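**Q** Sharing a structure with you now.
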Amino acid sequence: MTADVLQSWVAGQWRGGDGDGQLVRDAVTGEDVARVTSAGLDLAEVARYARQVGGPALRGLDFAGRAGVLKEVAAALDARKEELYDLSARAGSTRRDCAVDVDGGIGTTFVYASIGRKGLPQGRIVVEGTQEQLGKARTFAGQHMLTSPRGLALQVNAFNFPIWGMLEKLAPALLAGVPTVVKPATQTSYITAHAVRILDEAGVLPEGALQLICGSLGDFFDLLGGQDHVGFTGSAATASLLRSHAAVTSRSVRFNAEADSLNFSVLGPDAGPDTPEFDLFVKELVREMTVKAGQKCTAIRRAFVPAALLDDVTAAAAGRLSKVVVGAPGADGVTMGALVSTAQRDDVRGAVKMLAAAGRIAFGDPDRVEVVGADAEVGAFLSPVLVQVTDPDRSQPHEVEAFGPVSTLMPYADTDGLLDLIARGQGSLAGSVVSHDPDFVREVVLGAAPFHGRLLVLDRDDAGESTGHGIPMPQLVHGGPGRAGGGQEEGGLRAVYGHLQRTALQGSPQLLAFVLGNGSNQE
Ligand code: NAP
């Protein structure tokens, strides 16, 4: 064994697990990067330390104090982000990919620092809404209040966002005064671990506010109860396994899931080849296929175009995809890096075969790719693959998620039929409508909204400032119904409130004012 065991940060100390653990390889060179194991770590001590040290330390700060901590967290990572870029390259990420994960995570933390400073009241509790008068004589009233629970926030994250995934969950939990335990996906845990080390070395976090378990969670769920929160991101299969644990079903641990998703983008009937929307659609499709080599939960998986435009769009997208240079991050001219592992590549190849059975591959060869600066077989490289599905009623495009640089392109005949096809994704994180026809846009938005957590309308008017189909914004909710997990993250203060306990307080108006006024700031 050449690689060292990756250390976890538990109870204020860096500790390695016992035994050989799981070997993680460099996605580009195949070299050993780390061995990951949590065997032998005292997980009960992690839970105790979070609840008895981290919780009181965070609740000892008021909202403004916690917002100040977040700002320092963001600044500490920003100062050393080059180190995170370098490590991310080992997982196959280019600088453009790091803009989403590393810079995206730091930016999200800065935004939450600002939301916390400007959007939360003085003190430590939130008084929600106005007093409700409950008696004719005005001696009895009710008011909602939000307080910090006494538990911990466990995050279980997917491999594709080792930095953003941690920070977008840490920020609202920290503002809510809840200590966090991070369990990163094993495959990219060394990147998360380095970020945690940067934060430890910067000394910006209150003691116990953040801990890190690299490797398996063991029986950690057995330790969770009704004051705790679990934020899960990953596959629908793991989400379903975890949400059926007794911690959730019997002890009512709050459980939020962000799972996989067959996101759509649609080109409007008004957007022929000579319109700006046609170019915007094709550009966005190709960008979504290639950023992070398509390993984005929000990436466009199903692209719908008017039947009459199918060939034009296919040709334009293929033309753009042919300019993509696959290879080692940082090598000359490379615009798309590697998948996270060769095992992931095998999964995606399998999914492409299922999708291709419903149509034809219009661009790319899942078994062959030219690679710059690396060995195509040793590294986890894959060509972008566009699958044209001429019969959109086939089941595969609406069921199979190829978690790589892969999209399906399908025709639609009319708006009603389009909405039926969109709904067959069974709930998604994001959808986009690319059109300059307000009537068409309104019909699609209203029809698709019940199935989506976020919808983007892209046209010539907003393209200059648009953040794009695949980028969740900290101010807006991220999550989706059904297959997408049924959860919600971010959305500004909504995520902070998601950690707080809402209590309806009833009593005389004077007493309510007293309890929720001066007395509320004491722990
Ligand atoms: P995954 O295999 O479900 O793993 C997700 C996390 O769960 C990892 O940390 C994993 O740890 C952990 N895990 C797996 N089995 C577990 C168990 N029995 N008990 C406790 N933890 C367990 O998913 P993935 O392959 O990392 O991620 C890819 C999927 O995530 C894709 O389907 C993608 O669509 C989805 N995703 C969704 C979002 C979103 O925001 N909705 C974002 C990113 C990705 P180990 O790595 O140690 O197994």
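The values are calculated or read from the model by the stated rules, or taken from the named source; none is laboratory data. Note that this is a predicted model, so its numbers are computed, not measured. As a convention, Cβ positions derive from the backbone with ideal geometry for all residues, glycine included, and neighbour counts pool all protein chains shown. Just so you know, the surface numbers come from the protein's heavy atoms only, side chains and all, with ligands and any DNA or RNA stripped out. Shrake-Rupley method; radii C 1.70, N 1.55, O 1.52, S 1.80 Å.
**Q** Nearest 0.05, what FRET efficiency do L241 and R80 give at R0 = 41 Å with Cβ-Cβ as r? Don't skip to the end; give the middle numbers.
**A** On the way: r = 36 Å, r/R0 = 0.87.
Computed FRET efficiency for L241 and R80: 0.70.
**Q** Still on this structure: Suppose accessible area is computed on protein heavy atoms with a 1.4 Å probe; arrange C297, C214 from highest to lowest.
**A** C297, C214
**Q** Which whole-Hz ³J(HN,Hα) couplings does the stretch 330-343 yield from phi under the Karplus relation 6.51 cos²θ - 1.76 cosθ + 1.60, θ = phi - 60°, glycine and proline marked x?
**A** Whole-Hz 3J(HN,Hα) from phi for the stretch 330-343: x, 6, 3, x, 5, 10, 9, x, 9, 6, 6, 7, 5, 5.
**Q** Which value, in Å², gives the accessible area per residue of the stretch 173-302 when a 1.4 Å probe is used on the protein heavy atoms?
**A** Value returned for the stretch 173-302: 28 Å² of accessible area per residue.
**Q** Which value in nm describes the separation of the simple spin-label points at L476 and R368, placed 7 Å from the Cα toward the beta carbon?
**A** 4.1
**Q** Under a 1.4 angstrom probe, counting protein chains only, how are H436, H194, H398 ranked by accessible area, largest first?
**A** My answer, sorted largest first, is H436, H194, H398.
**Q** Accessible surface of K71 in the full protein assembly, 1.4 angstrom probe, to the nearest 10 Å²?
**A** 120
**Q** Counting only helical runs of four or more DSSP H residues, what would the 222 nm mean residue ellipticity of the chain come to if each run contributes -39,500 (n - 2.57) and the total is spread over all its residues?
**A** Here the helix-only value at 222 nm equals -10500 deg cm²/dmol.
**Q** Any idea what the relative contact order of the stretch 1-80 is, in percent, if you count C-alpha pairs under 8 Å spaced at least 6 apart?
**A** Taking the mean separation of contacting Cα pairs over the length of the stretch 1-80, I get 23 percent.
**Q** Of L493, T408, G123, whose Cα points farthest to the positive end of the dipole of the chain (charges on the beta-carbon: +1 Lys, Arg; -1 Asp, Glu; origin at the Cα centre)?
**A** G123
**Q** My understanding is that a pair violates if its Cα-Cα distance is over 32 Å; which of K118/K283; K81/K296; K118/K183 do that in this structure? Mind showing how you got there, number by number?
**A** On the way: K118/K283 37 Å; K81/K296 21 Å; K118/K183 30 Å.
Over 32 Å apart, Cα to Cα: K118/K283.
**Q** Right, here's the next one. At 0.36 nm per residue, minus the direct Cα-Cα distance, what do D4 and T503 gain on full extension? Give it in nm, one decimal, please.
**A** 174.8 nm
**Q** So how tilted is helix 276-290 from the main axis of the chain? Cα-based, degrees 0 to 90, rounded to 10.
**A** In the chain, helix 276-290 runs at an angle near 70 degrees to the longest axis.
**Q** Explain nothing, just compute: Karplus ³J(HN,Hα) = 6.51 cos²θ - 1.76 cosθ + 1.60, θ = phi - 60°, for every residue of the stretch 189-203 in order, whole Hz, x for Gly and Pro.
**A** Karplus values, whole Hz, x for Gly and Pro: 5, 5, 6, 4, 4, 5, 4, 5, 5, 4, 5, 4, 5, 6, x.
**Q** Got a number for carbon plus sulfur as a percent of the chain's accessible area, 1.4 Å probe?
**A** The nonpolar share, carbon plus sulfur, comes to 51 percent.
**Q** Can you tell me the length gained on complete extension of the stretch A99 to H144, counting 0.36 nm per residue apart and subtracting the Cα distance?
**A** The span from A99 to H144 would gain 12.2 nm if fully extended.
**Q** I'd like the orientation of helix 310-321 relative to the chain: the angle between its Cα long axis and the longest Cα principal axis, in ° from 0 to 90, rounded to 10.
**A** 80
**Q** Follow-up question, since we're still on this one. How many Å² of accessible area per residue for the stretch 426-523, probe 1.4 Å?
**A** Each residue of the stretch 426-523 exposes 48 Å² on average to a 1.4 Å probe.
**Q** Using a 1.4 angstrom probe on the protein heavy atoms only, line up K118, K183 by accessible area, largest first.
**A** K118, K183
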